[in-house]
1. GLU151 versus GLU53, label points 7 Å from Cα toward the beta carbon: distance in nm?
2. Determine the per residue accessible area of the chain with all protein chains present and a 1.4 angstrom probe, expressed in square angstrom.
3. Using label points projected 7 Å from each Cα along Cα→Cβ, tell me how many nm separate TYR45 and GLN3, to one decimal.
4. Is it possible to state the helix-based mean residue ellipticity at 222 nm for the chain, with each DSSP H run of 4+ residues giving -39500 (n - 2.57), the sum divided by total residues, to the nearest 500 deg cm²/dmol? What is it?
5. Let me check something: with ligands and nucleic acids excluded, how do CYS25, CYS88 order by accessible area (1.4 Å probe), largest to smallest?
6. In degrees from 0 to 90, rounded to the nearest 10, what is the angle of the helix 68-79 Cα long axis to the longest principal axis of the chain?
7. At what distance in nm do the modelled label points of ASN77 and LYS63 sit from each other, each positioned 7 Å from its Cα along Cα→Cβ?
8. I'd like the orientation of helix 16-25 relative to the chain: the angle between its Cα long axis and the longest Cα principal axis, in ° from 0 to 90, rounded to 10.
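The values are calculated or read from the model by the stated rules, or taken from the named source; none is laboratory data. Remember, predicted model here, so these are calculated numbers, not experimental data. As a convention, Cβ positions derive from the backbone with ideal geometry for all residues, glycine included, and neighbour counts pool all protein chains shown. These area figures cover heavy atoms from the full protein model, side chains too; ligands, DNA and RNA do not enter into them. Shrake-Rupley method; radii C 1.70, N 1.55, O 1.52, S 1.80 Å.
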Amino acid sequence: MTQKLNLAVLISGSGSNLQALIDACKAPDYPAQINIVISNRPDAYGLERAKKEGIPAIAIDHKDYTSRAAFEAALQNALEQHPVDLICLAGFMRILTAEFIEKWPHKIINTHPALLPKFGGKGMYGEHVHQAVLNAGETESGASIHYVIPEVDQGPLILQQSVPVRPNDTIETLSARVIDQEHIIYPRAVRLIAKEKLKQQKQA
Ligand code: GRF
């Protein structure tokens with residue numbers, strides 16, 4: 001029986017990256033399992049994706065909390081209800097404070113739809129990223145999976161995959177090309193981390 005790394009996946013929207021992780025976890029030899037899905041938006045379709053698979057899924061609406069610290073306390077409390085070795089941000093649109101990140105050292109990863117360190121940082125999310133890439137006349141873009149540190153999108157890179165930017169690309173065509181690669185490298189990155197962390201746990 002393959003030992004499994006325990007995942008929490010945090011989302012805010014469609015959850016197509018969550019779906020890629022759900023699909024990867026279906027392989028018996030995949031070294032990870034999703035124990036909890038949390039969305040800061042109650043209407044996130046990703047919650048439906050989790051529920052369809054029988055994965056515990058909850059919404060912690062950031063608008064219900066008067067401060068970022070109070071929201072993160074609720075998030076932390078929910079995470080502590082399950083075994084969690086690695087938190088996977090998958091289209092999660094909230095900035096996490098240094099205090100929260102410090103509770104999960106080297107245990108939070110994120111996907112970003114550009115070739116970091118370019119086109120990352122505050123304000124660089126979703127369509128804004130692809131618009132900036134097109135405006136800059138880049139000939140390539142891509143997807144990045146990285147560890148989360150307090151400085152937004154500046155954590156150590158785990159995996160990247162480039163894609164061409166074509167002359168007649170729009171935000172829609174470019175984002176579709178990029179997210180296809182996210183769906184491939186996110187599960188691959190989790191597998192790499194899981195194998196490493198499970199080996200460390202064995203040696204501990
Ligand atoms: C992804 O492109 C991710 O990089 C960005 O938002 C998108 C999330 O998509 N942060 P989904 O919710 O995983 O479908």
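1. Computed distance between label sites GLU151 and GLU53 equals 3.3 nm.
2. For the chain, the solvent-accessible area averages 49 Å² per residue.
3. 3.8 nm
4. Computed ellipticity for the chain at 222 nm equals -12000 deg cm²/dmol.
5. Final ranking, largest accessible area leading: CYS25, CYS88.
6. Helix 68-79 sits roughly 60 degrees off the main axis of the chain.
7. My value for the distance between the label points is 2.1 nm.
8. 50 degrees
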